[in-house]
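The values are calculated or read from the model by the stated rules, or taken from the named source; none is laboratory data. Please read these numbers as outputs of a predicted model, since none were measured by experiment. Cβ placement follows ideal geometry from the backbone for every residue including glycine, while neighbour counts extend to all protein chains displayed.
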Amino acid sequence: MSAAPVLAVERLSKSFDGVRAVRDVSFRVSAGELCALIGPNGAGKTTCFNCVNGQLVPDEGRVWLAGVNVTGRPPREMALAGVGRTFQVAATFASMTVRENVEVALLSHAGHGEALLARASGARRAQADALLERAGIAALADRHCGALPYGDAKRVELALALAGNPKLLLMDEPTAGMAHADRDAIMATAAELARRDRVAVLFTEHDMDVVFGFADRIVVLDRGRVIADAPPDVVRADANVQAVYLGTA
Amino acid sequence: MTLTALALQLLNGLASASALFLVAAGLTLIFGVTRVVNFAHGSLFMLGAYLAWSFGEAFGDGVAAHWASVLAAAAVVALVGVAIEALLLKRLYAAPELLQLTATFGVVLVVRDAALALWGAEDKLGPRVPHLDGTVQIAGRAIPEYDLFLIVVGPVVLVTLTWLVTRTRFGTLIRAASENRVLASALGVRQALLFSAVFALGAGLAGLAGALQLPREPANLNMDLAVVAEAFVVTVVGGLGSIPGAFLAALIIGLVKALCIGLGTVEIGGVAVAFPRLTLVAEFVVMAVVLAVKPHGLLGAPPPVLASTPLPEQRTLVLVPGRRAAVAAAVLFGALALLPAVVDDYLLVLATDVLVATLFAASLQFIMGPGGMTSFGHAAYFGVGAYAAALAFRHGWPMPAALALAPVAAMAAAVLLGGFAVRLAGVYLAMLTLAFAQIVWSIVYQWDAVTGGSNGLVGIWPPALLAHRASYYLFTLAIVGSALLLLARIAHAPFGFALRAARDSSLRAAAIGVDVRATQWRAFALAGAFAGLAGGLFAFSKGSISPETLAIPRSVDALVMVLLGGLNALAGPLLGAAAFTWMQDELARATDYWRAATGVVILAIVLLFPQGIGGALARLRPRRRPLAT
Amino acid sequence: MKLLAVVALSLASLVPAAPAAAQTIKLGELNSYKVFPAFLEPYRKGMELAVDEINAAGGVLGRRLELVSRDDNGNPGDAVRVAEELISRERVALLMGTFPSNVGLAVADLAKQRRVLFLAAEPLTDKIVWESGNEYTFRLRASTYMQTAMLVPEAAKLAKRRWAIVYPNYEYGQAATATFKRQMTERAAGAIEFVEQAVPLGKIEPGPVVQALIDAKPDAIFSSLFGPDLARFVREGQLRGLFKDRPVFNLLGGEPEYLDPLKDEAPVGWWVTGYPWYAIDTPEHKRFRDAYQKRFDDYPRLGSVVGYATIHSAAAALRKAGTTDTPKLVAAMKGLEVDTPFGRITYRAIDHQSTMGAYVGRTAVRDGKGVMVDWRYADGKDYLPADDEVKRLRPAK
Ligand SMILES: Nc1ncnc2c1ncn2[C@@H]1O[C@H](COP(=O)(O)OP(=O)(O)O)[C@@H](O)[C@H]1O
Ligand SMILES: [Mg+2]
């Protein structure tokens, strides 16, 4: 593995009004790897995500994407550079159908988002439907997104994140609000992306069955610091982690 | 200007600031809790002044009688406020948020005519206040006692309100409701009761302000609109919902105006600058500067990010018009093209007005509907377009070239403003557009040599080929029809979808690579261009223009048309413009009290069809495509 | 399709019935009734009185006059629309009315475009007969220029050096200020200084304005304020002592519309133009005042005279032309003589301005009311520029 990792986070720090949400965090995710970022509520997971995709500008530290320093670039540029993400609170375009949601994303990634005269709806139907198929929601294509149950909205997000053929996929609590079978289905999709398309996947998750069932590696955060970064078996055995995290679970 | 003179001017400014704060405090209170943009706040102020005059006449002379009349006026206005809330706004809290603005606009029209009927046309100058009718010598100048009294009243009201909000149970409820409505109702806040109470208090304050103003200004029928714009500015500059912010803002505006007046004409680098002329827009300049630096006003908090809860109605604009809609539009267009064969000339004039208004409203709907950005100053682009066309024409450009310049110039104006505006959101954005429009208005109004000043420009008639009413109507129909087609096309093009995406969730839009601000900025530019085109058509249809083409009432008209027609209905602008124009035309002929009649019809439409006329019509036909299966 | 049906139906209902048999002569009138009600309600009454008088005397050309009146909403866009309605649907013989200058100018321009006679009743702007004057437009009232010129002789006699000028910040105030400054400078022996305060119309900040004027230490004051601005200025100025030992001149200040609301606080000793209806005892005015009071149980305001005289001007033009034909009406208007409550006036052929004058006098308080005393009638014909000057101002045809 001589090539640079898809994502390298280097000594990242971010504070909010004196609250140090993330301190000195470093970790890497390689192509084809499924990496879990875990930690109790408030540990700084979402803040990490936000620093990686440009939602927030870190106070210190760097973010490297495939060997390129992308620290502080805005979300839009990160998206176009190959970072797809889902949000902890699902964010979709509520006034559009599921298919139109994906079509907007496809058009945007294809650089046609500003066309004034072309017709948008139905423009990339086949491509959109393939993505919906992949996210397991082909049947919902014509549904109005604002009226979807929460779990389904999370899957629409996945389809949106995939529309840009990302090399890095960030999933913030992708299975929250889902039934068990659905959780496994969506994680299987993610695993397949990693294996087949060599996407680097970084996800946060509270369900330990999911984490230990799917992750290749686990990064544990506690109060903004990395306290472990190792394969699942090692993390499971880590006393530190058990004390601050698993012990409470 | 000596230092003493300056200090005393600031003292004068304090008195004005206090008066201004009193009006704005009620407005900011009402907005903070109920999120209602109460356009009728100035009308409540005016009622306060008139009622104080009437009570004063009834109670007679004397100290007790005077203050009794002030309090009685405030109390009655508070009741009027409660009535407006209970009978009207209560039914509209679930409706699209700006519909309340339309409703309160209806109230403005009704109150104005009611005041005319009750108190007559002549201004009512109130008596001087017993024991406060003299002056105090300060630094060799006579300062009215009543000014000093007002300077004290402002802070007293500020402290009282602050105490009320921070130290009482009522205040706790108010804060809970302003910060998080959902949470507040979960905590068992009886929202209905709270809203009524807040309205009573806010309206009472407006009434009190009006009553206290009476010794300084005769009660007159133009007080309502004169004061409401200023009160909005104070509220926004201070930060919506912030009472100390309103005080601070009133102070700044009062002082800036006093200073402008005090400075008089000053030579700056060999140029004589007449500062008093700036008072025409001083408050709007202050607002533009403050919002450019502090997007939530001086002391305002960023509005809570609400989870997007789109209405099913927002869906309708997304639907690509189907074959039926296309056929209907084609038939309508054909029918309109045949109009000259069947109706009289005047109807063609009226129809031309409707078409121009439709294009103007459609351009506003474009940024308000798909764009989710409200503009209170849309007339700026209409007016810039009209002036650009008129000026080019008067400088010898042929009419088509002059008309083509209209959208270009208006777009330039929109690009200029849009750069600042898209950094803001919600009412702040809306108010920045208003400030921009007012600043442009004041330039046009005062730049006599170029724009013709307040008189405007005349002699802007189309060439002989289009001089006849029928030919100009057909010309307008062709242009407006094409423009509307283009707008609809853009709304359903990838750009329109990106714009809607930015509205639905700017986070998500950015995460899929949409440049949210650039998209919204472009939307502003496009809307400006279409509004400008409407302005150009307007200029040639009337033969003359004046600053009224970019004044507040025209912006308000466009808002009312959009909301009447249905913010999210594709045919909304046409329906709104047609209904509004036709109604005014008919009612003005039918009754002297046509303003009130217009107001009543607007209220009826708003209450019966909260989704606008277009929304109501959409309900009538079966849905083409079910939204949820 | 339902939408279409609705549109079609409403359109059908708009097609007017066949015009009534043309037995009356329609006078098309438009004004900003809801924006300036204080002036225009008396104006409307004045018109009604005149129409009734004329019809009672047998009408004009054997036909009754019919007043078709519209509200123009105080803005030029709506004014042009209602004017179009009056022209094309009501087929009026002529247009008349309007109040604000921008509306007056817009309608004047429409009159030129549609070739209809327009009798501008109230707009004061000099431009309507000069820079923007046209063949079809005539104006009744004494203009800003004329009324300012009426005050200048008294002002110049005082030989004051330093003048403070306060004016509403729009064309009327600007024009009054410019005319005053020019004429005063021309007449003065030495140099005259002016300090100016422009106030936003309807939004004067009286405290700061009055103090700024006091601080400027002027010898005299010229104001063109009116309405609520004037009331606030007067109260604040009296309170703060601005007017003590300073002569004050106020354009329009003696018009009952603006003087009466001040009641016993009306200023004393100001030079004003206005209308002392209670004191004018010429036969023509007495007849008018008696008829007006009898009919409306109210005293006439200046607006009443303007409305009354406008109708009589129209009637006189129709009589002189002997037809409702526009070119003949326009020809008849040139040099037309009309008897009004202020005496006989002439519509000048040279610039279409009538010679109706105004009353110039000083204010006083009698029985708790503001009145004009020591007044004289300033005939408009004496306060207009020389003919070659007028020719220079007015565009060639
Ligand atoms: N925008 C923000 N402003 C202020 N504090 C924030 C903000 N976002 C997160 N925080 C704080 O930072 C800490 C980490 O939050 P977050 O990254 O959301 O944790 P996690 O996703 O692990 O639950 C928390 O204490 C949270 O309150
Ligand atoms: Mg989180």
Given the residues B:11, B:22, which is the only one that is in contact (Cβ under 8 Å) with a residue 60 or more places away in the chain, out of contact with any strand residue (DSSP E or B) (no Cβ under 8 Å at 6 or more places or on another chain) and either more than 30 Å from residue B:176 (Cβ to Cβ) or more than 13 Å from every other protein chain (Cβ to nearest Cβ) (or both)? B:22
Of the residues that sit in the range A:83-97 and are more than 16 Å from ligand 2 (Cβ to nearest atom) and either modelled with pLDDT of 95 or more or outside any loop (DSSP other than H, G, I, E, B) (or both), which one is nearest to residue A:27 (Cα to Cα)? A:83
Identity of the residue in the range A:17-34, over 17 Å from the mean Cα position of the chain (by Cα) and either of a type in the set (Ser, Thr, Tyr) or within 14 Å of chain B (Cβ to nearest Cβ) (or both), that ends up farthest from ligand 1 (Cβ to nearest atom): A:26
With C:140, C:151, C:110 as the choices, which residue is more than 9 Å from chain B (Cβ to nearest Cβ), under 26 Å from residue C:37 (Cβ atoms), hydrophobic (A, V, I, L, M, F, W, C) and buried (at least 22 other Cβ atoms within 10 Å of the Cβ)? C:140
Pairs needed: first member in the range B:217-238, of a type in the set (Val, Ile, Thr); second member anywhere, not in a helix (DSSP H, G or I); C-beta distance under 7 Å; at least 6 residues apart or different chains. B:228/B:39; B:236/B:297; B:237/B:297; B:237/B:298
Among the candidates B:250, B:229, B:272, residue that is out of contact with any Lys or Arg (no Cβ under 6 Å at 6 or more places or on another chain) and more than 18 Å from residue B:297 (Cα to Cα): B:272
Specify the residue that is nearest to ligand 1 (Cβ to nearest atom); the eligible residues are those in the range A:199-249 that are in contact (Cβ under 8 Å) with a residue 60 or more places away in the chain and of a type in the set (S, T, N, Q). A:204
Per the list (1) under 30 Å from residue B:471 (Cβ atoms); (2) touching a Pro at 6+ places or on another chain (Cβ under 9 Å), residue check on residue B:504 breaks on (1)
A careful count of residues in the range C:175-213 that are part of a helix (DSSP H, G or I), facing chain B (nearest Cβ under 7 Å) and touching a strand residue (DSSP E or B) at 6+ places or on another chain (Cβ under 8 Å) gives 4
Which members of the range A:132-155 meet the condition of being in a helix (DSSP H, G or I) and at the interface with chain B (Cβ under 9 Å from one of its Cβ atoms)? A:145, A:146, A:147
Selected residue (criterion: farthest from ligand 2 (Cβ to nearest atom)) from residues of the range A:169-181 that are surrounded by fewer than 23 Cβ atoms within 10 Å (Cβ to Cβ) and in contact (Cβ under 8 Å) with a residue 40 or more places away in the chain: A:176
Per the filter on the range C:139-174, residues under 18 Å from the mean Cα position of the chain (by Cα) and part of a helix (DSSP H, G or I) are C:144, C:145, C:146, C:147, C:148, C:149, C:150, C:151, C:171, C:172, C:173, C:174
Anything in the range A:76-89 that is crowded, with 24+ Cβ neighbours inside 10 Å and over 9 Å from the mean Cα position of the chain (by Cα)? List them, or say none. A:78, A:79
Please find, within the range A:67-95, the residue that is nearest to the other protein chains (Cβ to nearest Cβ) out of those that are of a type in the set (S, T, N, Q), touching a residue at least 12 places away in the same chain (Cβ under 8 Å) and in contact with a strand residue (DSSP E or B) (Cβ under 9 Å, 6 or more places away or on another chain). A:95
Among the residues that make up the range B:435-457, is at least one of them crowded, with 24+ Cβ neighbours inside 10 Å, over 17 Å from residue B:534 (Cβ atoms) and more than 14 Å from chain C (Cβ to nearest Cβ)? yes
For the range A:109-131, what are the residues that are free of Cβ contacts under 8 Å to residues at least 12 places away in the same chain, within 8 Å of another protein chain (Cβ to nearest Cβ) and small (Gly, Ala, Ser)? A:113, A:115, A:118
Read through the list (1) within 15 Å of residue B:217 (Cα to Cα); (2) not assigned by TED's automatic domain parsing to the domain that holds residue B:101, then give the number of the only condition that residue B:46 fails. (2)
How many residues does the range A:24-66 contain that are on the phi > 0 side of the Ramachandran plot and within 13 Å of ligand 2 (Cβ to nearest atom)? 3
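Listed here are the residues, each with its yes/no results for (1) of a type in the set (A, V, I, L, M); (2) touching a Ser or Thr at 6+ places or on another chain (Cβ under 6 Å); (3) part of a helix (DSSP H, G or I).
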position: A:130; (1), (2), (3): yes, no, yes
position: A:157; (1), (2), (3): no, yes, yes
position: A:184; (1), (2), (3): no, no, yes
position: A:211; (1), (2), (3): yes, no, yes
position: A:227; (1), (2), (3): yes, no, no
Residue selected from the range B:504-554 under the condition of a type in the set (Ser, Thr, Tyr) and not in a loop (DSSP other than H, G, I, E, B), by the criterion surrounded by the fewest Cβ atoms within 10 Å (Cβ to Cβ): B:506
Only one of (1) outside the structural domain of residue A:65 (by TED's automatic domain parsing); (2) touching a residue at least 40 places away in the same chain (Cβ under 8 Å) does not apply to residue A:151, and that is (2)
Residue A:111 fails exactly one of (1) in a loop (DSSP other than H, G, I, E, B); (2) within 11 Å of ligand 1 (Cβ to nearest atom); (3) farther than 20 Å from residue A:218 by Cβ, namely (2)
For the range B:151-163, state whether one or more residues are within 14 Å of chain C (Cβ to nearest Cβ) and at pLDDT 90 or above. yes
